[in-house]
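None of the figures in this text is laboratory data; all of them are computed from the coordinates on show. What you are looking at is a predicted structure, and each value in this text was computed from that prediction instead of being measured. Virtual Cβ from ideal backbone geometry, glycine too; neighbours counted across all protein chains shown.
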Amino acid sequence: MESLPHPRSVRVLPGDIESTVVTTRLLVPTTVQPSWNPFLRVAESIANRARQLPAHGHESEEVLTYVTEGFASYQLGDGNIEPLPPGSGRLLTTPGRVSHRISPAKGGAIRWLNLVLALPASSTGAPRLQSMGPDAPTVVEDTVRVRPIVGPRAPMVSQAGFEFQELQFPEEGTTFRSVGSSRRAILYALSGRGMVDQRAIEAGEAAFIEGMPGVAVHGGEGFCAFFATAPQ
């Protein structure tokens, strides 16, 4: 029997602000979006020397850390502390349990995106850490600057099959982003205002996309967003 296609939907929702440890805009899970498999957590956080995120563990997960502002440091387990300047990232694949930590490397604050996805149940092996630097290239599509971060043409590749891009609009424009009927997507607006499939979105909001071949993303000058897709 053929499986039924997922219903097509695009919903724009605000994130929840959580400040127990560091200031975080949580997009998944929230009261209005408690789950969005295989995305277990999607968040944007701000930390400084006084309020830092402690070392914490992951298991059977894939974890993307991408710094948007400030100079951070990254440490996997008891390994070397590595610099993480703005525009750089780490993709951690954890079939077994391992800990990591992101901290301010200098006196100022840091701002970063964090995505956690479930790995396939069959995943085994040692932890794998991939890196990208701030010099990773962008391509121009429909006047929009697209920076592949995870996936095809990107410096990091996901075992869970997810893809992640940064979209920058130096001027008003529109670009079409592929999703696929068997994948889910999240578009998070980092700054400015835009539209996703004719639905308005602004900084701090996220569009949850399901069952769509793709979506048109329109942005005004200065609009910046992150676009992630993953198989259900």
- Message: As a footprinting exposure proxy, order 112, 36 by other Cβ within 10 Å, with the fewest listed first.
- Response: 36, 112
- Residues whose built amide H sits under 5 Å from the amide H of residue 173, excluding neighbours closer than 5 in sequence, are 219
- Taking 191, 178 and counting other C-beta atoms within 10 Å, the order from fewest to most: 178, 191
- Mind listing the phi-derived Karplus ³J(HN,Hα) values for the stretch 30-37, rounded to whole Hz, using 6.51, -1.76 and 1.60 with θ = phi - 60°, and x for any glycine or proline? 9, 5, 8, 9, x, 8, 7, 4
- Query: What is the projected area of the convex hull of the Cα atoms of the stretch 1-149, averaged over all directions, in nm²?
  - Reply: 12.0 nm²
- Message: Could you give each residue of the stretch 80-93 its phi-based ³J(HN,Hα) in whole Hz, using Karplus coefficients 6.51, -1.76, 1.60 with θ = phi - 60°, and x for Gly or Pro?
- Response: 5, 8, 10, x, 9, x, x, x, 10, x, 9, 10, 9, 10
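Based on the Cβ-Cβ distance of residue 143 and residue 11, what FRET efficiency does E = 1/(1 + (r/R0)^6) give at R0 = 41 Å, to the nearest 0.05?
On the way: r = 27 Å, r/R0 = 0.66.
Efficiency for this residue pair is about 0.95.
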- Cut-off under 5 Å, modelled amide H: who pairs with residue 88 long-range: 67
- Taking K and R as +1 and D and E as -1, what net charge do the other residues with C-beta under 11 Å from the C-beta of residue 160 add up to? -3
- Given H placed 1.01 Å from N in the peptide plane, which residues other than close sequence neighbours of residue 184 have an amide H under 5 Å from its amide H? 230, 232
- Query: With a sphere of radius 11 Å drawn around the Cβ of residue 94, what net charge do the other residues whose Cβ falls strictly inside it have (Lys, Arg +1; Asp, Glu -1)?
  - Reply: -1
- Query: Normalised by the residues of the chain, what does the relative contact order come to in percent, with Cα pairs under 8 Å and at least six apart?
  - Reply: 20 percent
- Over the stretch 11-119, what is the mean sequence separation of C-alpha contacts under 8 Å (at least six apart), divided by residue count, expressed as relative contact order in percent? 33 percent
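How would you rank 146, 139, 42, 215, going from fewest to most other Cβ atoms within 10 Å of each one's own Cβ?
139, 146, 215, 42
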- Is any residue of the stretch 168-189 close enough, with backbone N under 20 Å, to a label point placed 7 angstrom from the Cα of residue 221 along the Cα-Cβ axis, and if so, which? 168-175
